[in-house]
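Novice: Shown below is the structure under consideration.
The values are calculated or read from the model by the stated rules, or taken from the named source; none is laboratory data. Predicted model only: the values in this text are computed from it and were never measured. Backbone-built Cβ (ideal geometry, glycine too); neighbour counts: all protein chains shown. Note: accessible area is taken over every heavy atom of the protein model, side chains too, but ligands, DNA and RNA are not part of it. Shrake-Rupley method; radii C 1.70, N 1.55, O 1.52, S 1.80 Å.
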Amino acid sequence: MTIRQYLELQQTLPENFDTKTEYFIECVSIYKDTSTEKVQEMNYDELIKVFRSMDITPKPAVDSIKLRRKTLYKIPFMKLTLGEWIDLEHYMTKSDTILEVLSVLYRQKTDGDVWTEDTYEEYSNFVNKRKNIFLETKAINVIQIKKEYLDFRNKVLESYEGLFSIPFDEDYGELTQYEIEEQERLDEIEKDQASFIWEETILGMCNNDITKMDIVLKTPFILVFNVMSANKKRMERERANARKNKN
């Protein structure tokens with residue numbers, strides 16, 4: 001089964017058919033890449049046997065894919081840049097983006113030698129142009145890639161727990177009513193800004209110089225996270241010292 005067939009089957013829902021048999025026939029037609037008329041010639045037992053054989057047994061995504069005389073390799077997740085991480089965050093929120101995910105995670109590679117490491121094709125705006133070439137890839141070889149990446153992503157976020165959420169301190173102490181209202185207003189602004197964390201992060205790292213944003217996006221995501229973590233700890237120390245001095 002190819003990715004094309006897999007996606008088509010995902011969009012073929014039993015509630016859109018009058019009977020289960022009609023649903024089975026349509027699915028087998030897609031799977032066999034043949035007309036429904038030919039599938040209708042099968043006896044019922046044969047139809048059900050083929051339908052049940054369509055299930056894909058999960059297995060790790062392959063390390064390389066051959067497409068149109070080129071070999072694309074699965075990039076090690078730790079090598080992803082911030083720009084790739086951000087795009088994958090977007091694609092992972094949708095259920096029908098396997099082609100986009102494959103386009104990000106499978107690249108051309110230049111093998112290094114004993115002195116140099118392998119280098120992967122630089123990420124650019126090729127996803128929409130390239131994604132359809134993955135339609136003829138065997139689904140069983142790559143269908144687990146989203147789960148593998150999500151498992152990796154979740155482990156990374158666990159390691160940087162609290163980095164992507166802003167703790168809002170609502171202990172206003174002995175402030176006047178006006179000061180409390182002003183602090184609440186500032187807290188709301190801060191909460192709104194949390195939804196733009198990537199934009200704020202990128203602008204902060206390039207000192208608001210938008211001409212340098214591309215450099216930040218091409219920086220390894222793990223380096224960016226480490227810098228963000230260090231900055232967060234520094235701000236927490238400064239905030240704690242400010243409270244201490246106030247008391």
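Novice: Taking region 55-133, which GluC sites (Glu not before Pro) meet the DSSP loop condition and have no more than 11 other C-beta atoms within 10 Å?
Specialist: Details: sites: 84, 89, 100, 117, 121, 122; in loops: 117, 121, 122.
Within region 55-133, the qualifying GluC sites (Glu not before Pro) (loop, at most 11 other Cβ atoms within 10 Å) are 117, 122.
Novice: Still on this structure, please answer the following. Order 234, 69, 52 by their accessible area, 1.4 angstrom probe, all chains in place, largest first. Mind showing how you got there, number by number?
Specialist: Numbers: 234 95, 69 245, 52 170 Å².
Largest to smallest exposure gives the sequence 69, 52, 234.
Novice: Compute the FRET efficiency between residue 18 and residue 68 as 1/(1 + (r/R0)^6), taking r as their Cβ-Cβ distance and R0 = 41 Å, and round to the nearest 0.05.
Specialist: In this case the efficiency is close to 0.50.
Novice: Continuing with this model, one more query. Describe numerically, in nm with one decimal, the distance between label points set 7 Å from Cα along Cα→Cβ at residue 122 and at residue 151.
Specialist: 3.3 nm
Novice: What number, in nm² with one decimal, is the all-direction average of the projected area of the convex hull of the alpha-carbon atoms of region 52-137?
Specialist: One quarter of the hull surface, i.e. the mean projection, equals 7.4 nm².
Novice: Given the convex hull over the Cα atoms of the chain, what projected area results after averaging over all orientations, in nm²?
Specialist: Taking the Cα atoms of the chain, their convex hull projects to 21.4 nm² on average.
Novice: Whole-Hz Karplus ³J(HN,Hα) for region 38-47, in order, using 6.51 cos²θ - 1.76 cosθ + 1.60 and θ = phi - 60°, x for Gly and Pro?
Specialist: 5, 5, 5, 6, 5, 6, 4, 4, 5, 4
Novice: Dipole size in debye (nearest 20) for the chain around its Cα centre, Lys and Arg Cβ +1, Asp and Glu Cβ -1?
Specialist: Rounded to the nearest 20 debye, it is 1300 debye.
Novice: If I stretch the segment between residue 203 and residue 9 completely, what's the gain in nm (0.36 nm per residue apart, minus their alpha carbon distance), one decimal?
Specialist: Result for the pair: 65.6 nm of gain on full extension.
Novice: With each run of n ≥ 4 DSSP H residues scored as -39500 (n - 2.57), what mean residue ellipticity at 222 nm is computed for the chain after dividing by its residue count and rounding to the nearest 500 deg cm²/dmol?
Specialist: Working: 13 runs with 133 residues, N = 247.
So the helix-based figure for the chain works out to -16000 deg cm²/dmol.
Novice: Within the chain, what is the longest stretch that has no chymotrypsin sites (Phe, Trp or Tyr not before Pro) placed in a DSSP loop and near at most 15 other beta-carbon atoms within 10 Å?
Specialist: On the way: sites that count: 17, 115, 126, 160, 164, 168, 172, 196.
With a cap of 15 other Cβ atoms within 10 Å, the longest stretch comes to 18-114.
Novice: Report, by chain and number, residues whose modeled amide H sits under 5 Å from the one on residue 2, excluding near sequence neighbours (fewer than 5 apart, same chain).
Specialist: Amide H to amide H, under 5 Å and 5 or more residues apart or across chains, residue 2 pairs with 139.
Novice: Hey, any idea what % of the chain's accessible area is carbon plus sulfur with a 1.4 Å probe?
Specialist: Working: 8110 of 16630 Å².
Reported share for carbon and sulfur atoms: 49 percent.
Novice: Let me ask something additional. Could you check the spin-label model distance between residue 229 and residue 133? Points 7 Å from the Cα along Cα→Cβ, value in nm.
Specialist: 3.6 nm
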